[in-house]
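Colleague: Handing you this structure, nothing more for now.
The values are calculated or read from the model by the stated rules, or taken from the named source; none is laboratory data. No experiment lies behind these values; they were computed from the predicted model shown. As a convention, Cβ positions derive from the backbone with ideal geometry for all residues, glycine included, and neighbour counts pool all protein chains shown. Surface areas here come from the heavy atoms of the whole protein model, side chains and all, with no ligands, DNA or RNA. Shrake-Rupley method; radii C 1.70, N 1.55, O 1.52, S 1.80 Å.
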Amino acid sequence: MRLNERRSLWRRAKPYLLVFDAPLAMVIFMLLCTSLVTMYSAGADFPGRVEGQLRNMMIAFVVMWLAAQVPPQTLMRLAVPVYTIGVTLLVAVFMFGVIKKGARRWLHIGFDIQPSEIMKIAMPLMLAWYFHQKAGLVRWHSFLIATVLLAVPVGLIQLQPDLGTSLLVLASGFYVIFLAGLSWKALLGLFVAGAASLPVAWSLMHDYQRERVMTLIDPYADPLGKGFHIIQSTIAIGSGGVGGKGWMKGTQAHLEFIPERTTDFIFSVFSEEFGLLGFLGLLLLYLLLIGRGMMIAANAPTLFSRLLAGAITMIFFTYAFVNMSMVSGILPVVGVPLPFMSYGGTAFVTLGLGAGILMSIQRHRKLVQT
């Protein structure tokens, strides 16, 4: 092939290959490397776990690359259909979903899918589209309609029951509503109303959810039962000290005291082996991830893009904050993975899709400017 032909081929392929935002991609890459190092230790007793994590990462990479190709205008056109499909599937799960471990969260269509995961992205997409249509005409009833759009899927997910996912979907929608201009007075009113409704919420909670709250308040009430896992997790985090015990030397993890150490509790393994210094490094990576996402949101050219980018970025924050607080004994255990760290195919796909959307918004802003 001649040099001119190779240059011409590269020019045609370049817009489809160089779609990643460099700062965002670098932070995600460093998180993925940290995940593999930690997974090698945490998954020592789980054959194929590291290979499975690599597979999940590759799938997430493909999803991220594909999402980065899609213009925000196309995402806006897809918002209503994706939301409608997601809610329809949630209704189908409620009616004839597959029951596993006492929860009806899956739908069998030749293979099992979990429709609630769709709503983590479909919810901010829908609300960002809605407020974009109302640009300059947002009134109090606009926020009321948005609340209804949010409450429907959250309620259906909570009926499964799936507290962790329902909280994530609720957060993703709330961020859009807040960024769309919800006043601080209204926010304070919601807080007061939420606090006042706690007794009602407590009565509506499932028994296992109440047990998690009581375990959070006093894990030593049942130290060998329901409180065992959170006690061992906090011991692991504290025993890491400043510099950690060293890679592959975490006793709590390798003596199998930490539950779900490759998924929800991987932060406990990381903290035990790398200590406070490792935690500060990991925290810095998440701050850089969130900071870059907020920069993309601030520079987005349309209201739809700004709301969507801001909500996705805050979803990353919610994942990290809830997971770290959960395994540290600050919040109840609700089954939220640590972003780009915990093992899990569905979560990685969702996170990769979110990152790809951020890159799409940044990439097409540059294309518009040029």
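Colleague: Helix-derived [θ] at 222 nm for the chain: sum -39500 (n - 2.57) over DSSP H runs of at least 4, divide by residue count, nearest 500?
Modeller: -24500 deg cm²/dmol
Colleague: If I take every Cα pair under 8 Å that is 6 or more residues apart in segment 31-175, average their sequence separation and divide by the length, what percent do I get for the relative contact order?
Modeller: Relative contact order here is 20 percent.
Colleague: While we're on this one: Taking the Cα atoms of segment 243-314, what is the range of coordinates along each of the three principal axes, in descending order and whole Å?
Modeller: Taking max minus min along each principal axis of the Cα atoms, segment 243-314 gives 52, 23, 12 Å.
Colleague: To the nearest 10 Å², what's residue 141's accessible area with a 1.4 Å probe?
Modeller: Here the accessible area works out near 80 Å².
Colleague: Going by Cα centres, segment 302-347 and segment 214-250 are how many Å apart?
Modeller: The distance from the Cα centre of segment 302-347 to that of segment 214-250 comes to 22 Å.
Colleague: To continue, here is another question. Once a ≥ b ≥ c are taken as the square roots of the eigenvalues of the Cα gyration tensor of segment 275-322, is the result rounded (a/c under 1.5), prolate (a/b larger than b/c) or oblate (a/b not larger than b/c)?
Modeller: Because a/c hits 1.5 or more and a/b fails to exceed b/c, segment 275-322 counts as oblate.
Colleague: Let me ask something additional. Just the number, please: carbon plus sulfur as a percent of the accessible area of segment 264-342, 1.4 Å probe, no ligands or DNA/RNA counted.
Modeller: Whole-percent figure for carbon plus sulfur exposure: 80.
Colleague: Send over a whole-number figure in Å² for the accessible area per residue of the chain, probe 1.4 Å.
Modeller: Here the per-residue accessible area is 49 Å².
Colleague: How much of residue 126 can a 1.4 Å solvent probe reach, expressed as accessible area in Å² and rounded to 10?
Modeller: 20
Colleague: For segment 145-197, what size does the Cα cloud have along each of its three principal axes, sorted from largest down, in whole Å?
Modeller: 33, 25, 18
Colleague: Got a number for carbon plus sulfur as a percent of segment 131-221's accessible area, 1.4 Å probe?
Modeller: Carbon plus sulfur share of accessible area: 73 percent.
Colleague: Follow-up. How large is Rg/Rh for segment 238-370, to two decimals, with Cα atoms and a Kirkwood Rh?
Modeller: Expressed as Rg/Rh, it is 1.07.
Colleague: Something else about it: Considering segment 34-92, what Rg and Dmax in Å follow from its alpha-carbon atoms?
Modeller: 17.3, 47
Colleague: Output needed: percent of Cα pairs per 5 Å distance bin for segment 24-168, bins running from 0 to the one holding the longest distance.
Modeller: 2, 8, 14, 14, 15, 17, 15, 9, 4, 2, 1, 0
Colleague: Go through 100/185; 134/185; 100/249; 185/226; 120/185 and tell me which ones have a Cα-Cα distance over 31 Å in this structure.
Modeller: Result: 100/185; 100/249; 185/226 exceed 31 Å.
Colleague: If you build the convex hull over the alpha carbons only and average its shadow over all orientations, what do you get for segment 157-313? Give it in nm² to one decimal.
Modeller: It is 12.0 nm².
Colleague: Report the net charge of residues surrounding residue 295, where surrounding means a beta-carbon distance below 12 angstrom and charges are Lys +1, Arg +1, Asp -1, Glu -1.
Modeller: Neighbourhood net charge equals +2.
Colleague: Another question about this same structure. If a/c stays under 1.5 just call it rounded; otherwise compare a/b with b/c (prolate if a/b is bigger, oblate if not). Do that for segment 99-198, with a ≥ b ≥ c from the square roots of the Cα gyration tensor eigenvalues.
Modeller: oblate
Colleague: If packing is taken as the average count of other Cβ atoms within 10 Å, what order do 304-313, 181-190 fall into, highest mean first?
Modeller: Highest mean packing first, the order is 304-313, 181-190.
Colleague: How high is the relative contact order of segment 138-286, in percent, counting Cα pairs under 8 Å that sit 6 or more residues apart?
Modeller: Relative contact order of segment 138-286: 15 percent.
Colleague: Moving on to the next point. Leaving ligands, DNA and RNA out of it, report the carbon-plus-sulfur percent of the accessible area of segment 16-97 at a 1.4 Å probe.
Modeller: Solvent-exposed carbon and sulfur of segment 16-97 make up 79 percent of the total.
Colleague: Would you kindly calculate the translational diffusion coefficient of segment 176-254, applying Stokes-Einstein with the Kirkwood radius from alpha carbon pairs, for 25 °C and a viscosity of 0.890 mPa s, and quote it in µm² s⁻¹ without decimals?
Modeller: For these conditions, the coefficient is 150 µm²/s.
Colleague: Which residue, 120, 249, 100, tops the fluctuation ranking in a GNM of the chain built on C-alpha contacts under 10 Å?
Modeller: Maximum among the listed residues: 100.
Colleague: Moving to a separate point now. With the cut-off at 26 Å, report for the chain the share of all Cα pairs above it, as a whole percent.
Modeller: 55
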